[in-house]
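Heads up, the thing below is written out as structure tokens.
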Amino acid sequence: MKKRILAAVFAAAVASSGVFATGIGPQLNFDPVVTPGYVYSPNTWGLACSAKFDSMPIYWALSTGVSSYSYRRVETSSAGVKYDTYVNAPLFNVSATGDYWVQNPTINGIWKWYWGFGAAVSTSFGTTEPNFYLSAGPRAVVGMNWHFCDGFMELYTQGAVEPELEFVFGEDGTTNGVVRVPIYFPFNVGLRFWF
């Protein structure tokens, strides 16, 4: 009896693996950003874990990254005169994205392209300066993907546009404004393994 139950559970797991397949793998990120009104904005390099579950039509990525950010600080001299200096502060970033692919047509053979929409949320904090950044916004994504080894491996590259609303807490926010509207142009390359 136990063997029959074990065989039934194993058969159900094998049958459902095609229905609830998972694609997961590493992703390399480069996130240049332009912030209107600011001379210098951080370009973030990082790594992510990308995942897609067949039970949901969303492609997810959880990322970490590092960048260096220069911001204006107001100093006061010994004579009581205020003057501007610029602080070059390292930042550590954690972000999450979710994308819905509207189309994924074939170009030729295993080569496809896709486009879609999604959302992004990220937090950054200064590792040497007391600043915290929280931002979120929509994104539009376009990319290409290739499936190898009977669909087991998926290589992809993509670019996106992310206009975000950012809130800045700490010295940078007090001196330079709490609310900003950065526009990110992330570029990603990754490899997903499907099982």
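The values are calculated or read from the model by the stated rules, or taken from the named source; none is laboratory data. What you are looking at is a predicted structure, and each value in this text was computed from that prediction instead of being measured. Using ideal geometry, Cβ is built from the backbone for each residue, glycine included, and neighbour counts are taken over all protein chains shown. The area values use the complete protein model at the heavy-atom level, side chains included, leaving out ligands, DNA and RNA. Shrake-Rupley method; radii C 1.70, N 1.55, O 1.52, S 1.80 Å.
Tabulated values for the structure
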{"item": "For GLU129: the one exception among (1) farther than 16 Å from SER67 by Cβ; (2) in a loop (DSSP other than H, G, I, E, B)", "result": "(1)"}
{"item": "Segment 140-166, residues that are within 18 Å of the chain's Cα centre (by Cα), in a strand (DSSP E or B) and more than 17 Å from TRP113 (Cβ to Cβ)", "result": "GLU162, PRO163, LEU165, GLU166"}
{"item": "Candidate set from segment 55-84 (those that are of a type in the set (S, T, N, Q) and in a strand (DSSP E or B)); member that is farthest from ASN188 (Cα to Cα)", "result": "THR76"}
{"item": "Verdict on ASN176 being touching a residue at least 60 places away in the same chain (Cβ under 8 Å), farther than 14 Å from SER95 by Cα and open to solvent by 20 Å² or more (accessible area, probe 1.4 Å)", "result": "yes"}
{"item": "Residue within segment 77-84 that is modelled with pLDDT of 90 or more and farther than 25 Å from CYS149 by Cα present", "result": "no"}
{"item": "Residue check for TYR156: loosely packed, with under 15 Cβ neighbours inside 10 Å, modelled with pLDDT of 95 or more, of a type outside the set (A, V, I, L, M) and at negative phi", "result": "no"}
{"item": "Residue within segment 90-108 that is out of contact with any strand residue (DSSP E or B) (no Cβ under 9 Å at 6 or more places or on another chain) and without any contact (Cβ under 8 Å) to a residue 12 or more places away in the chain present", "result": "yes"}
{"item": "Residue, surrounded by the fewest Cβ atoms within 10 Å (Cβ to Cβ), within segment 99-115, restricted to residues that are touching a Lys or Arg at 6+ places or on another chain (Cβ under 9 Å) and not in a loop (DSSP other than H, G, I, E, B)", "result": "THR106"}
{"item": "Considering residues of segment 167-189 that are in contact with a Pro (Cβ under 6 Å, 6 or more places away or on another chain) and in a strand (DSSP E or B) only, the residue modelled with the highest pLDDT", "result": "ILE183"}
